[in-house]
Amino acid sequence: MTKNNKAVRTLLNNYPNYKGSKVIDLLYAYPDTPLPASDMELAVNLQIPPEFVFHNRYHFAPILMTDAKTLRNIDKRLNHLIELKAFNATDEYDEEIQALIRYRQETTLPTGKIKCFNDDDSSAYDRLRKNIDTLLKQAEKDGYSEAVAIVKRCLRRGLMMCWNSKNG
């Protein structure tokens, strides 16, 4: 067992009740294997192998908040209202203009791409990220800075999480 393995094992053994510890332990057990966050969360909560969850769980596709046709219609209406406002020099169109702008901001990213409603993976990732951050913050405070550095270097976060063994 290498020094890095011992440091991570010590960290995980000293915080067995932290959910972040269980998540890192699961990733550590499946090195270089990207695992969906929602599958990992189920595997940790139910204490079953992640491959069982992956093969027996239906993965929903993300649902778009709007469609391109609606956005084109909003843009046409917005342009029309702006022309009317400029021509009539009145503020009677301001409320509708602001509502259309708010709708666009709520349903699209700054790049113009349509947003999706939060799916299972996004929500699960947010919860797992918070669990891991809580563990690492406590471990750092308790003096396990070497193990925390190894975890931060080896842990690849995102909707697909992975323990990168080449970094450790």
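The values are calculated or read from the model by the stated rules, or taken from the named source; none is laboratory data. Because the structure is a prediction, the values reported are computed rather than measured. Heads up, the Cβs are rebuilt from the backbone with ideal geometry, glycines too, and the neighbour counts pull from every protein chain shown.
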(request) List the helices (runs of 4 or more DSSP H) that sit entirely inside segment 59-168 and contain at least 2 residues that are modelled with pLDDT of 90 or more, more than 26 Å from ALA7 (Cα to Cα) and under 23 Å from the mean Cα position of the chain (by Cα). (result) 94-107
(request) Check whether at least one residue in segment 119-136 is in contact with a strand residue (DSSP E or B) (Cβ under 9 Å, 6 or more places away or on another chain) and acidic (Asp, Glu), and report yes or no. (result) yes
(message) The conditions are (1) of a type outside the set (Phe, Trp, Tyr); (2) surrounded by 13 or more Cβ atoms within 10 Å (Cβ to Cβ); (3) out of contact with any Cys (no Cβ under 6 Å at 6 or more places or on another chain), and ASN164 fails exactly one of them. Which is it?
(response) (3)
(request) Restrict the check to segment 118-133 and report whether at least one residue is in contact with a Lys or Arg (Cβ under 7 Å, 6 or more places away or on another chain) and in the same structural domain as ASN17 (by TED's automatic domain parsing). (result) yes
(message) Can you say whether TYR15 is in the same structural domain as ARG153 (by TED's automatic domain parsing), touching a residue at least 40 places away in the same chain (Cβ under 8 Å) and within 20 Å of ALA124 (Cβ to Cβ), as far as the supplied structure shows?
(response) no
(request) Go through the residues of segment 135-147 one by one and say whether even a single one is within 30 Å of VAL53 (Cβ to Cβ) and either exposed (fewer than 13 other Cβ atoms within 10 Å of the Cβ) or not assigned by TED's automatic domain parsing to the domain that holds ALA37 (or both). (result) yes
(request) For residues that are touching a helix residue (DSSP H, G or I) at 6+ places or on another chain (Cβ under 7 Å) and β-branched (Val, Ile, Thr), scanning just segment 26-71, find the one that is farthest from LYS130 (Cα to Cα). (result) THR66
(message) Name the residue that is nearest to LEU128 (Cα to Cα), counting only residues in segment 8-25 that are touching a helix residue (DSSP H, G or I) at 6+ places or on another chain (Cβ under 6 Å) and either outside any helix (DSSP H, G or I) or at pLDDT below 85 (or both).
(response) TYR18
(message) Out of ASP91, ASP121, I need the residue that is surrounded by 13 or more Cβ atoms within 10 Å (Cβ to Cβ) and acidic (Asp, Glu). Which one?
(response) ASP121
(message) Here is a check on your reading of the model: is ASP121 in contact (Cβ under 8 Å) with a residue 24 or more places away in the chain, at negative phi and touching a His at 6+ places or on another chain (Cβ under 9 Å)?
(response) yes
(message) Among the residues in segment 38-61, are any touching a Lys or Arg at 6+ places or on another chain (Cβ under 7 Å) and either surrounded by fewer than 16 Cβ atoms within 10 Å (Cβ to Cβ) or more than 30 Å from ARG157 (Cβ to Cβ) (or both)?
(response) no
